[in-house]
Structures are given as C-alpha cells and as structure tokens.
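Following: one structure in structure tokens, then a few remarks.
The values are calculated or read from the model by the stated rules, or taken from the named source; none is laboratory data. It should be emphasised that the depicted structure is a prediction, and the values quoted were computed from it without experimental measurement. For neighbour counting, all protein chains shown are included, and Cβ atoms are generated from backbone atoms with ideal geometry for every residue, glycine included.
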Amino acid sequence: MARGTVNPAVKRRKSLSRQAQCRLLVNEERKSGTRRSDLTSEISDLVRTHGITRDQARRLINRIGKNREKLNHAATVLKARF
C-alpha cells in the first residue's frame, strides 16, 4: 500500500458505530484465526513476566506479532529504557 493512503478496512471501521466496529473486529479475527482470548493471555503474560503496561504489551504484539522470542526481547529492551 502506498504511503499516505488509508487502508479501506480501517477507513470503513472509523465510520461505523461502536457496536458495528466490534462485530467487524470479531469477524476479522475469525478470518485471521486469532482469538481475543489468545491476545488477552499473551498480553497478560508479557505484563506479568516483564512488568510493562498492558498498553505497551498490546502495542508490541501488534508491531511484532506472536513470536515469543522476539516479544520477550522487545519487552526487555522496552523495560530497560524506562
């Protein structure tokens, strides 16, 4: 996708009501094979293990993915910075 362009799915999501956004998110998670409970447990594990905030853990997962080794390294570096 070209720089400066908005992903159509994101653009569509912004114009929807909160309830419709949640339904769309659930449908996208079903298609991608991820579950909200999986993400919640990943976030909780990072918070407990590394002492970072839930928001920091969520951002790391969104940026890096679910590779546990890379997540642990990034969380350690993030914690060392603060």
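Taken over the stretch 60-74, residues that are under 12 Å from Glu42 (Cα atoms) and in contact with a helix residue (DSSP H, G or I) (Cβ under 9 Å, 6 or more places away or on another chain) amount to 7.
Against the definition (surrounded by 12 or more Cβ atoms within 10 Å (Cβ to Cβ) and either over 20 Å from Ala80 (Cα atoms) or modelled with pLDDT of 85 or more (or both)), how does Arg54 come out, yes or no?
Details: surrounded by 12 or more Cβ atoms within 10 Å (Cβ to Cβ): yes; either over 20 Å from Ala80 (Cα atoms) or modelled with pLDDT of 85 or more (or both): yes.
Spelling it out, Arg54 is indeed surrounded by 12 or more Cβ atoms within 10 Å (Cβ to Cβ) and either over 20 Å from Ala80 (Cα atoms) or modelled with pLDDT of 85 or more (or both).
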